[in-house]
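The values are calculated or read from the model by the stated rules, or taken from the named source; none is laboratory data. Remember, it's a predicted structure, so these values are computed and weren't measured experimentally. Cβ coordinates were reconstructed from backbone atoms using ideal geometry, including for glycine residues, and neighbour counts include every protein chain displayed. Protein only, heavy atoms only, side chains kept; ligands, DNA and RNA dropped before computing areas. Shrake-Rupley method; radii C 1.70, N 1.55, O 1.52, S 1.80 Å.
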Amino acid sequence: MAAVILTVAAVDQATKQFMLSWLTEGEPVYVIGDWFRFYLLFNPGAAFSMGGEGSTWLFTTIQLAFVVGVAIAAPRIHDRGQAIGLAMIAGGALGNLIDRLFREPGFWFGHVVDFISVGDFAVFNLADVSITCGVVVFIIFMFREEVKK
């Protein structure tokens, strides 16, 4: 689980650094017409640009609690699929947590770097993708375990 968590967070941070060096905030780079584009923004809210500036501290606290909780629970998780799902969620949470701790406007209140824009949906990053996919993986394997019982 630790390897998945650290890999997801590292890849997320690397892509954010690349996008920060390549993109200009507010200027889209069109990839597939207007449907898929890279669009740099700094998000004080939750995943997929939900929530607002006043909630940044709350999202930081929740992400930290989740990452620590998964680290504590990891030895007791015996289903490989559930472990991978939780690790994907925790890795994404860690990637965004790093932004919240070390990016402007300051420690604990930093804004998350988002850069993927699809259609009229919110702008997001690879950490958000990992969190979403991790939830799906975790639920699938949780149901699979229930069916076995």
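Observations, loosely collected:
- Centre separation in Å (Cα based) which lies between the stretch 110-149 and the stretch 77-101: 10 Å
- Using only side-chain charges placed at the Cβ, +1 for Lys and Arg and -1 for Asp and Glu, the dipole size of the chain relative to its Cα centre rounds to 660 debye.
- Of the accessible area of the stretch 1-148, computed with a 1.4 Å probe over protein heavy atoms only, carbon and sulfur atoms account for 72 percent.
- Computed FRET value (nearest 0.05) for Tyr30 with Ala74, which takes r as the C-beta separation and R₀ as 41 Å: 0.50
- If R0 equals 22 Å, the separation of the Cβ atoms of Leu6 and Phe109 corresponds to a calculated FRET efficiency of about 0.35.
- Karplus (6.51, -1.76, 1.60) ³J(HN,Hα), θ = phi - 60°, over the stretch 100-116, in Hz, Gly and Pro reported as x: 5, 7, 10, 9, 4, x, x, 3, 6, 10, x, 9, 7, 7, 10, 7, 9
- Computed FRET value (nearest 0.05) for Ile139 with Leu20, which takes r as the C-beta separation and R₀ as 30 Å: 0.35
- Segment Phe121-Ser55, length gained on full extension (0.36 nm per residue, minus Cα span): 21.7 nm
- Which labelled figure in [x] 25, 18, 15; [y] 28, 18, 13; [z] 33, 23, 18 is semi-axes √(5λ) of the Cα gyration tensor in Å, once derived from the coordinates: [y]
- Rolling a 1.4 Å probe over the protein heavy atoms gives the chain an accessible area of 54 Å² per residue.
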